[in-house]
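Read the structure below first, then the notes.
Taken together, the values in this text are just the output of simple stated rules run on the coordinates, not laboratory data. Since the model is a prediction, treat every value here as computed from it, not as a measurement. All Cβ positions, even for glycine, are placed from backbone atoms using ideal geometry, and neighbour counts span all protein chains on display.
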Amino acid sequence: MERSIQYLRKLKKHKEFILLFLIASLLIFLNLGDRALSGDEYVAVRSPIYLLEHGYPLDTDLVGQTQDVWLTKVGSNEVWRLNTWLREYLIAGSLKLFGITYFAYRFPFALFGLLTILLVYIFANEIYSKKIALISSMLLSFNILFILHVRFAAYYSISIFFFTLSVYMFHRYLNEKKNYLALSLILLFHSNLFCFFTTIFTFAAYYFFFHKKNYVKILKTYLFIALFTLPWFVLTNQFDKLGITTHNDSMLIRIGLFVFYFLFFIFPAIFIFDIKRYIREKFLIPIIVLSLFFMVFIPTYELPQVRYLVFLLPIVSIMLATTIVSFKKLVALICILSLITTNVLYIFPLGIYKPYEFNMSIIEKQSKNYFIERSMGLRFDLFNYLYEITHHVDTAEQDVIDFLNSHGSPYQTVSNDQMTRGELFFVDKVYVRETTLVDWYVSRKEIDLPDYNMHILLTTSDVWSGTPDLVHHRFNNDRKGVVYIYEKRDLINGK
């Protein structure tokens, strides 16, 4: 009884955060299964189901539909090797628990998103104060970019959580406190390769420059991590000719992007761990200048994509909170309200790139003005998001699924130009890759198919309307787009 009372007293000290945590739960979980799966959620829509049967994620959906170097043979089956498999195992467990639903595909990632908010509160409270911890977790709880990504059935949520956990454990590691750094980095590896390698490189560089006294300690830690990471490379044949090609086919692009992310990593690490020493160490200035040079002048085929930056949001929230607490109350309140209700946090980073659009050929191909101007515009995303989670919002994928399921028979065949086989998983028809001689063909553009009747389906204006990228995400049913569905005529009866 006495222990229970003590526990309740401890909880009472954090009553403001408990209330915030409950609000964040609603924001993340409300209407989670309303939208159809979209975009990259469909990359492995079937593999978790195969995982339950075989013990590892097959990717038969992608055979013949993607680059062959992304797949490899394990036994007689094709498996995905472009990234690690923790996502598939989490989805498989959720499907086993809840059945095959949109909610089940997204549930584990929403849960890790919610746990990230708790982790940020614990982390900031330990290294700073309760006030900074509360502001940090508040900024993250109402960050719509963060919420959209953790509600998405992809690696984003688990990468965010295990990166934040790794930073927290690294802080304790440096201060010789009890930590689980090796475990957190191993789990980060199995969440996302790119985030893992950038993290261990940054940690090693920081340790080398600021903690030179004990190389053996961190070397032992990294060797232990290798025991639980290298076997995946061997299993998925990463060292064969195709595997090497997968990771090196665009080396110049990858160098440019890697330097960019290293720059973004080094600032949070130094800020949190040793800001005063950073100011004294003059050698970091040339590194920053060189990074900016590479970031701006190396021709890249894509912007540093948002999905590769979201795992920094918890650390950025802590950094912002440490600054906000130094302001006067009114100024601090205005800053917090601006950050949680608008997209003001993202305008500046994208603004850096506006003068250098000429270097980004893929942006030119995909309408750079659409991307840049929409990203630069001030929006009130919180209110748009509140509308989305309190209303039913359709996507192009769901519109097509509903139409095909209500027409024809389950034994007919279907193909498409912009939807993968995974997106047609919920359609009661047989998918084939051929673009001719199928009963149904789905297209985003009008094409000439003389033996087909055309159905015009009014839907969302963007094919990626359900993705978490704020440039493409639609918070409501704009119905400004068109999908063309072609039905093969009955040549015998002339219908």
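Taking 7 Å steps out from each Cα toward its Cβ at TYR215 and MET454 produces label points 6.8 nm apart.
With a Förster radius of 41 Å applied to the beta-carbon distance between LYS10 and THR341, the computed FRET efficiency rounds to 0.80. Among ILE91, ILE334, the order by Cβ neighbours within 10 angstrom, fewest to most, reads ILE334, ILE91.
Measure up LYS178/LYS220; LYS96/LYS445; LYS131/LYS217 against 28 Å on the Cα-Cα distance and list the ones that go over. Numbers along the way, then the final one.
Numbers: LYS178/LYS220 16 Å; LYS96/LYS445 38 Å; LYS131/LYS217 34 Å.
LYS96/LYS445; LYS131/LYS217, as the Cα separations exceed 28 Å there.
Taking R0 as 35 Å, what's the FRET efficiency between LEU223 and HIS54 from their Cβ-Cβ distance, rounded to 0.05? Calculated transfer efficiency: 0.65. Give the long-range amide H neighbours of TYR452: residues separated by 5 or more places, or on another chain, with amide H under 5 Å away, using H modelled in the peptide plane at 1.01 Å from N. Close amide H contacts, sequence-distant or interchain: ARG489.
When each of SER129, SER415, SER136, SER406 is scored by the number of other beta-carbon atoms lying within 10 Å, the sequence from fewest to most is SER406, SER129, SER415, SER136. Dividing the convex hull volume of the alpha carbon atoms of segment 99-142 by its residue count gives 52 Å³ per residue.
Under the shape rule built on the C-alpha gyration tensor, where the axes satisfy a ≥ b ≥ c, segment 99-241 is oblate, since a/c reaches at least 1.5 while a/b does not exceed b/c.
Among TRP440, TRP232, the ranking by other beta carbons within 10 Å of each residue's beta carbon, starting with the fewest, stands as TRP232, TRP440.
Here the Karplus relation 6.51 cos²θ - 1.76 cosθ + 1.60, evaluated at θ = phi - 60°, turns the backbone of segment 334-339 into coupling constants of 4, 4, 5, 4, 5, 6 Hz, with x for every Gly and Pro. For ASN416, the residues whose modelled amide H falls within less than 5 Å of its own, excluding neighbours fewer than 5 places apart on the same chain, are VAL442. Annotation: peptides 40-50, 175-185, ranked by per-residue average of other Cβ atoms within 10 Å with the highest first, follow the order 40-50, 175-185.
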